[in-house]
1. If R₀ is 25 angstrom, what is the calculated FRET efficiency for the pair Glu315 and Val273, using the beta carbon separation as r and rounding to 0.05?
2. Please compute the Cα-Cα pair-distance distribution of region 204-325 with 10 Å bins starting at 0, giving whole percents from short to long.
3. Within the set of other residues whose C-beta is less than 11 Å from the C-beta of Pro195, count the net charge using Lys and Arg as +1 and Asp and Glu as -1.
4. Looking at the square roots a ≥ b ≥ c of the eigenvalues of the Cα gyration tensor of region 149-199, which shape do they give, rounded for a/c under 1.5, prolate if a/b is larger than b/c, or oblate?
5. Rg/Rh for region 163-233 to two decimals, with Rh computed the Kirkwood way over all alpha-carbon pairs.
6. Within the set of other residues whose C-beta is less than 13 Å from the C-beta of Leu306, count the net charge using Lys and Arg as +1 and Asp and Glu as -1.
7. Could you give the nm distance between label points at Ala339 and Arg205, where each point is 7 Å from its Cα heading toward the beta carbon?
8. What share of all Cα pairs of region 274-370, in percent, falls into each consecutive 5 Å distance bin?
Amino acid sequence: MTPPPRRPVTGRPARPRPAPARPATPAARPEVRPRALPPAEPRPSTGSQRTAPGEQRATGEHRAVPLPLRPTGPRPVREPAPDTGGQREVVDPHAPTVTTYTSGRRGFALPVRAAVVSERSAERFAERARARRRLAVRQVVIGVSAFVAVGSLAWLLLLSPVLALDPARVAISGAGTVVAVDQVAAVVGGRAGTPLPRLDTVALRDDVLEVPGVREARVMRDWPRGLVVELVSREPVAAVPEPPSTSAAAPDGPVAGFALLDMDGVQVGRVDVPPEGLPVVRVPVGDARTLRAVLAVLEALPPDLLGQVGEVSAETQDTVTMVLRDGAEVVWGSAHETALKIAVLQALRAAPASAGSAVFDVSAPTLPITR
């Protein structure tokens, strides 16, 4: 059956299509003649129509251009795919393949080669994979080694007996005359066996300060297993008489002993007889202000002058009086201008004009008096 011819479309001529493939048995092709079209109706001119190059503008009518018709004939019959018996077709990977591209109404085919991986590329890929595996293993080994090293170092510093405190390696200095070294050693020995990194030196220093006679202490680690303990002892600067009954105390009454006081007024010991070279201080019992004034004067005296003082007495903090070992009396007054009073006293005792004087009054250092 021959399909009816298509009606030509006015305007742009249709693009001819390629002829179909010939069938296996040739058939007689009927002669095709173009059919004449009726003349088109003239359209009114708009005044701005353009003509194609080489054509003249028609006046009054348009000409119809006949288009070639697609030849008619039997369509080719698509052959069925061959029967493979249920087996998949094996394609050679090295054989070239053909890929068909379609653009508009036409199709074209280009041969495309299959992806090929060279042996050198495969070796590079394998080497990269091996390098990544080696890097991962190296990172794991480094992490485990670091963990083991940190754990070993922590055990060595905090738990190992390698750095434990040895009491035999403790050095104590600055005990003076009133601090019992064995008491300080006993306090330090209570930390024996403690690793030095874990030893609390601040707490140990506080315990050492509780020992009688210790004014200041400094504790330092002496690696690997020792300690250095530096002490500042409370050296006595005065001996204060202790009356047998504080309720009926008198400065010149009987005494039951002598309390040894340091420059801060802290008792560091007790004796029955005042030590040689230590001045005896007589102040009203319980008068802390007067006692502090006397101790401040004694602390400011140079060693050569302090060794000459045999006794110090005061009724108030402004009436300090000293008796030297040669019997001379020094009226000192208050604890103010101590440096100037010391210089004036030394000048008066060295002056020939004051030889044989029994009283040196330096309470007003700018107007000293000797008699």
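1. Values: r = 25 Å, r/R0 = 1.02.
Efficiency, from the Cβ-Cβ distance: 0.45.
2. Each 10 Å bin holds this share of Cα pairs: 13, 38, 28, 14, 6, 2.
3. On the way: positive: Arg191, Arg198, Arg221, Arg225; negative: none.
Taking every Cβ under 11 Å from that of Pro195, the sum is +4.
4. On the way: a/c = 4.23, a/b = 3.53, b/c = 1.20.
Prolate shape, in that a/c is at least 1.5 and a/b is the bigger ratio.
5. On the way: Rg = 11.1 Å, Rh = 11.8 Å.
Rg/Rh for region 163-233 comes to 0.94.
6. Numbers: positive: Arg325; negative: Glu235, Glu299, Asp304, Glu311.
Cβ neighbours under 13 Å give a net charge of -3.
7. 3.0 nm
8. With 5 Å bins starting at 0, P(r) equals 3, 14, 26, 27, 19, 9, 3, 1, 0.
FYI, it's all coordinate maths here, none of it is from the lab. Nothing here was measured: the structure is a model prediction, and the numbers come from that model. Note that each Cβ is placed from the backbone with ideal geometry, even for glycine, and that neighbours are counted across all protein chains shown.
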